[in-house]
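Take a look at the structure set out below.
The values are calculated or read from the model by the stated rules, or taken from the named source; none is laboratory data. Predicted model only: the values in this text are computed from it and were never measured. Counting neighbours? That spans all protein chains shown, and the Cβs are built from the backbone with ideal geometry, glycine included. These area figures cover heavy atoms from the full protein model, side chains too; ligands, DNA and RNA do not enter into them. Shrake-Rupley method; radii C 1.70, N 1.55, O 1.52, S 1.80 Å.
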Amino acid sequence: PSAALALLCSSAAAVVVWKWLGKKQIQKKMEEARSTRDEGVKKMAKAVQQFREQVPSVQTDAILSLPLLELTGRLQEGSLSPKTVLYTYLEKALEVTQQTNCLRHFIPECEEQLQEIQQQREKGLLYGIPVSIKDHIGHKGHLSTCGLVQCLGTPVQEDSVLVKVLKRQGAIPFAMTNVPQSLFNYDCSNPIFGQTLNPFNHQKSPGGSSGGEGALIAGGGSILGIGSDIGGSIRLPSSFCGLCGLKPTAERLRGGPVCLLNMDVCSRPTPVPCALGPMARDVDSLALCMKALLCQEMFQLDPTVPPIPFDEEVYSSPAPLRVGYYDTDGYFPLPPCMRRAVRETRGALQAAGHQLVPFSPPRIPYVMTELFLKTFFADGGRAWLDVFTGDIVDPSLKPQVNCCKIPRLGKKLLALILKPLQFLLLLKLKNVATISTCRSVKEMWNHHHQIQVYRTEFIAQWRELQLDVVLCPVLGPAFTTGYPGKLLTAISSTMLYNVLNFPAGVVPVSTVTEADEEELKLYQGCCDDPWDRTLKEAVAGAVGLPVAVQCVALPWREELCLRLMKEVETLSREK
């Protein structure tokens, strides 16, 4: 017995030591990654300083205030040089990331790209424009981390198709922005590079997963960025940070995300596809970016992208629109200010001569639980848990990770215990642990089929009302940091259009008022349950922060979606 006890103790000690050594190794890798980033920041700051000494008369504020269309015009005609514009934005990006921690890495090769575009025979549509890109969009020689330690090893070997097209159009990718760990969160925090903050209020989140982009552009450190969206990851940061952002039909732009371990949520084949899209300060910037990307270079580099150029005639048309609208989806009631934004925008559109038609999206609780969440947790979350092997889980993700770790038997018992609350769970399924899984290939095929059936049903309802576009709410205003991880299913407003694979964009139209804050005190949500109260806490203290609406069109009609967004933007600015 004593020998057995000694063996047991020594084995336990060995396990403890092994785990300790593993944690030390992880910490070392993270420290090295942070050190590399900090060195890059120092080198870029030095380069900016040298430029300022050589050209002390640069009117920084004047350049930063130019809208993208005006800036491209100045660059094309030669009244501004690409070098001046690049270093102006590099300097501002250094300032913004110091305040918000929005950058994962500067791209030092931007100086080489600066030389290359000056040798091109023709100036592309984005000639001389500095562009920021989300962490997981592949750029040659740089990591695509997804906020995971496992992805810190090997740099990407070549530019993604999207980056190649940006460069061909004369753009200069200059920075890669921070993301939440594994991208499966609409906050923006990971254990390697830390928490990104909202530039308008450092107690608030910039949203996610394209949160680094949101913070950098809203802070003035970038004029155009590229994000990705699989549940709202472009639209939520745009809402939280007061930007315009477009999630196109997923197949309209391709060749973006590169994760070397094939672990991020945008890399896997799924019936709810990931879409790449632009983020900027105004709608015209989004339209210009789409026009630049939808070119022969894109179609040749990636033959899976349909060769459909941007339709300028549709975007610029003055014809009145038939607009469906709703201010709640009946699943997760949004704060009063977001519903107010839809009502006010509806009134402005009607006054401008457009036809407004009430629209009610069908069966949102079913879509959220049986279609969207089941897509990502069809295996009970095991594949997602695998990405955290040999990693430290970010605190913002621990609620979801812990739920996925519950054994199948435990989940069945939990479902049995919660059966008396079945009505509440159907209305607002908050717990990943209770999501049903696909237990066979047949069930998985049936799940894919049900998504197609729902898309057909939704389009039929749209066609019956003869709608051109839809105006609807988006989640906001900006959450206090840490809260998005507690409210995964609050994203029903954006998630719907990922399941449908419809183009959808966000436009800021207002700000939170004192009256909104007072009305929030009376907010009870759907059932005045703990999750409704958590949402109330998450958005409190937001006076002055942006309030946005969402615009939607049918698949492949990005130009029509942007057309409504432009009309909304124009009317809100006039007001």
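Considering A478, A515, the condition of being modelled with pLDDT of 95 or more, more than 23 Å from P361 (Cα to Cα), open to solvent by 20 Å² or more (accessible area, probe 1.4 Å) and aliphatic (A, V, I, L, M) is satisfied by A515 alone. Residue check: is A93 more than 15 Å from I172 (Cβ to Cβ) and open to solvent by less than 70 Å² (accessible area, probe 1.4 Å)? Considered against the rule, which asks whether it is more than 15 Å from I172 (Cβ to Cβ) and open to solvent by less than 70 Å² (accessible area, probe 1.4 Å), A93 comes out as no.
Do we have any residue at all in segment 124-147 that's open to solvent by 60 Å² or more (accessible area, probe 1.4 Å) and in a loop (DSSP other than H, G, I, E, B)? Yes.
On the stretch given as segment 546-574, residues that are over 20 Å from E312 (Cβ atoms) and either surrounded by 24 or more Cβ atoms within 10 Å (Cβ to Cβ) or of a type in the set (D, E, K, R) (or both) total 8.
Rundown of residues vs (1) modelled with pLDDT under 95; (2) charged (D, E, K, R); (3) open to solvent by less than 60 Å² (accessible area, probe 1.4 Å); (4) not in a helix (DSSP H, G or I), yes/no style:
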| position | (1), (2), (3), (4) |
| --- | --- |
| L5 | yes, no, no, no |
| V16 | yes, no, no, no |
| E31 | no, yes, no, no |
| V41 | no, no, yes, no |
| G73 | no, no, yes, no |
| Q76 | no, no, no, no |
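Every condition in (1) closer than 24 Å to L253 by Cβ; (2) modelled with pLDDT of 95 or more; (3) within 19 Å of the chain's Cα centre (by Cα); (4) open to solvent by 10 Å² or more (accessible area, probe 1.4 Å) is met by L197 except one, and the failing one is (1).
Among the candidates A280, A287, A250, the residue that is open to solvent by less than 20 Å² (accessible area, probe 1.4 Å), at pLDDT 85 or above, within 15 Å of the chain's Cα centre (by Cα) and over 20 Å from L371 (Cβ atoms) is uniquely A280.
The number of residues in segment 344-378 that are of a type outside the set (A, V, I, L, M), in contact with a Phe, Trp or Tyr (Cβ under 9 Å, 6 or more places away or on another chain) and closer than 30 Å to E574 by Cβ comes to 6.
Looking at G330, G353, G381 in this structure, which one is touching a residue at least 24 places away in the same chain (Cβ under 8 Å), surrounded by 16 or more Cβ atoms within 10 Å (Cβ to Cβ) and at positive phi?
G381
Restricting segment 352-398 to residues that are hydroxyl-bearing (S, T, Y) and modelled with pLDDT of 90 or more, the residue that is nearest to N185 (Cα to Cα) is S396. Of everything in segment 253-262 that's in contact with a helix residue (DSSP H, G or I) (Cβ under 7 Å, 6 or more places away or on another chain) and either over 18 Å from L183 (Cβ atoms) or at pLDDT below 85 (or both), which residue is surrounded by the fewest Cβ atoms within 10 Å (Cβ to Cβ)? Applying the filter and picking the extreme gives L261. Would you mind stating whether K430 is open to solvent by 70 Å² or more (accessible area, probe 1.4 Å) and modelled with pLDDT under 85? It is false that K430 is open to solvent by 70 Å² or more (accessible area, probe 1.4 Å) and modelled with pLDDT under 85.
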